[in-house]
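Each remark here refers to the structure printed beneath this line.
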Amino acid sequence: MRLTEIVALLNADALVLDDGMDREIETVHASDLISEVLASCSRGALWLTGLLDLQIVNTAELFDLAAVVFVGNRRPSEGILALARDEGIPILATRLTMFETCGLLHARGLRPGTRGR
């Protein structure tokens, strides 16, 4: 599924865009724990989170994640957005809960983005 399709599906606001909005995304990792992402997230996954921390961008860059989606109507700070722009990490925000977001993406065929699965 393309990132542009995900924006539409989740009725998300695209807060930071990059040149790769047409990239294909096959996996999703949903977590509010950076340590869990570091331990088990697969490269290139879409990361769903409600955590508002600057380290989100650094972690996304480290794992070459496709994008970060803030769920539950959470809005990242301007500092997070500025760093994401600098690093070329797309940032989306949706009003949907983590549960609703996971359900919609799973129904469209995206798989868990967890290493070792």
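The values are calculated or read from the model by the stated rules, or taken from the named source; none is laboratory data. Since we're looking at a predicted model, the values are computed, not measured. Here the Cβ positions follow ideal geometry from the backbone for every residue, glycine too, while neighbour counts run over all protein chains shown.
Quick check on the range 19-34: of everything there that is surrounded by 12 or more Cβ atoms within 10 Å (Cβ to Cβ) and over 16 Å from Cys102 (Cα atoms), which residue is modelled with the lowest pLDDT?
Among those residues, the one meeting the criterion is Gly20.
I'm told Leu48 meets every condition in (1) touching a residue at least 24 places away in the same chain (Cβ under 8 Å); (2) part of a helix (DSSP H, G or I) except one. Can you identify the failing condition by its number?
Looking at each condition in turn, Leu48 falls short on (2).
One residue is enough: does the range 41-60 have a residue meeting the conditions at pLDDT 95 or above and among the basic types (Lys, Arg)?
no
If we scan the range 66-75, do we find a residue that is at pLDDT 95 or above and part of a helix (DSSP H, G or I)?
No, the conditions are met nowhere in the range 66-75.
For the range 35-58, check the following and say yes or no: at least one residue is farther than 16 Å from Arg2 by Cα, of a type in the set (Phe, Trp, Tyr) and surrounded by 14 or more Cβ atoms within 10 Å (Cβ to Cβ).
There is no residue in the range 35-58 that is farther than 16 Å from Arg2 by Cα, of a type in the set (Phe, Trp, Tyr) and surrounded by 14 or more Cβ atoms within 10 Å (Cβ to Cβ).
Can you tell me which residue among Gly79, Gly103, Gly109 is outside any strand (DSSP E or B), exposed (fewer than 13 other Cβ atoms within 10 Å of the Cβ), in contact (Cβ under 8 Å) with a residue 40 or more places away in the chain and not acidic (Asp, Glu)?
So the residue among Gly79, Gly103, Gly109 that is outside any strand (DSSP E or B), exposed (fewer than 13 other Cβ atoms within 10 Å of the Cβ), in contact (Cβ under 8 Å) with a residue 40 or more places away in the chain and not acidic (Asp, Glu) is Gly109.
Scan the range 1-43 for residues that are closer than 22 Å to Ala82 by Cα and touching a His at 6+ places or on another chain (Cβ under 6 Å) and jot them down.
Selection gives nothing.
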